[in-house]
Amino acid sequence: MLDNRHIRIDYPVWNALTRFPLSNREMSCLMYIISETLGYNKSKVEIPLKSFVCSTGMSKDNVCKMIRKLTTQRIIFVSKKANRTHSTYKFNTTWPSWKTLLRQKAALQSKIMYEIKAKIRQRDNHTCMLCGIVGNPLGHLFHVHHIDFNQTNNKNDNLITVCKKCHAKSHTVAMKEKLSKMIISINKKANELFPNESFLVKRKKPILVKRNK
Ligand SMILES: [Zn+2]
Ligand SMILES: [Zn+2]
């Protein structure tokens, strides 16, 4: 049977949809809801769960998961009347009210972290501050270690460039204390030289050079 339906979506809504970070599975469920509603010029429609399963090829569990995610993001509204067996689905065309999930915040966070780390490596001349070996800024990048082990403390003082080997050794309480003390003394010196620009001072030398050979 030929299906001659057309789906009308306002351009700003379509545009928002294009930019909104949905997973393939979320998108698949959403497209199905859109075709069942706007495809029939309806704003909302009752859909049995098994129709989702047939149309998307996903398991019932996954369909439920995606519907929950789309609901949390306020991209769809789901309601169910007490006397009905199936839920009613509505595509929320008021796109400014869509909400991003935590995972997008996490993605943004990791992007910020990536930039912070790049700055720290640059500050430390791409050199491992513990053993002094020089890394390749264009090749494999050195790690940036949180001295106090707190991954959210991204202050300059708490971050240090280390090679992979030294990083492994950095996660001991003794090392944490040792590094904290050294940073304090370095900052003190830096503050004396450049009272306002302590963070801009490049570390020319590794702060701790291994003595055992
Ligand atoms: Zn670390
Ligand atoms: Zn090292």
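The values are calculated or read from the model by the stated rules, or taken from the named source; none is laboratory data. All figures in this text were calculated on a predicted structure; none of them were measured in a lab. As a convention, Cβ positions derive from the backbone with ideal geometry for all residues, glycine included, and neighbour counts pool all protein chains shown.
Of everything in segment 67-102, what is assigned to a helix (DSSP H, G or I) and closer than 24 Å to R8 by Cβ? Give them in sequence order.
I67, L70, T71, W95, P96, S97
Taking interchain pairs and intrachain pairs at least six residues apart, which have beta carbon atoms under 8 angstrom, with the first residue in segment 161-186 and more than 22 Å from N125 (Cβ to Cβ) and the second within 11 Å of ligand 1 (Cβ to nearest atom) and of a type in the set (A, V, I, L, M, F, W, C)?
H171/F149; K176/I147; K176/F149
Does K155 count as away from ligand 2 (no atom under 16 Å from the Cβ) and surrounded by fewer than 13 Cβ atoms within 10 Å (Cβ to Cβ)?
Spelling it out, K155 is indeed away from ligand 2 (no atom under 16 Å from the Cβ) and surrounded by fewer than 13 Cβ atoms within 10 Å (Cβ to Cβ).
Does K81 satisfy the condition of being more than 22 Å from the chain's Cα centre (by Cα), modelled with pLDDT of 90 or more and not hydrophobic (A, V, I, L, M, F, W, C)? Steps first, answer last, please.
Values: more than 22 Å from the chain's Cα centre (by Cα): yes; modelled with pLDDT of 90 or more: no; not hydrophobic (A, V, I, L, M, F, W, C): yes.
It is false that K81 is more than 22 Å from the chain's Cα centre (by Cα), modelled with pLDDT of 90 or more and not hydrophobic (A, V, I, L, M, F, W, C).
If you check A174, A168, which single one turns out to be part of a helix (DSSP H, G or I), surrounded by fewer than 13 Cβ atoms within 10 Å (Cβ to Cβ), outside the structural domain of N15 (by TED's automatic domain parsing) and within 16 Å of ligand 2 (Cβ to nearest atom)?
Working: A174 fails: within 16 Å of ligand 2 (Cβ to nearest atom).
Sole residue among the options that is part of a helix (DSSP H, G or I), surrounded by fewer than 13 Cβ atoms within 10 Å (Cβ to Cβ), outside the structural domain of N15 (by TED's automatic domain parsing) and within 16 Å of ligand 2 (Cβ to nearest atom): A168.
Quick one: is I120 modelled with pLDDT of 85 or more, crowded, with 17+ Cβ neighbours inside 10 Å and within 16 Å of ligand 1 (Cβ to nearest atom)?
Criteria met by I120.
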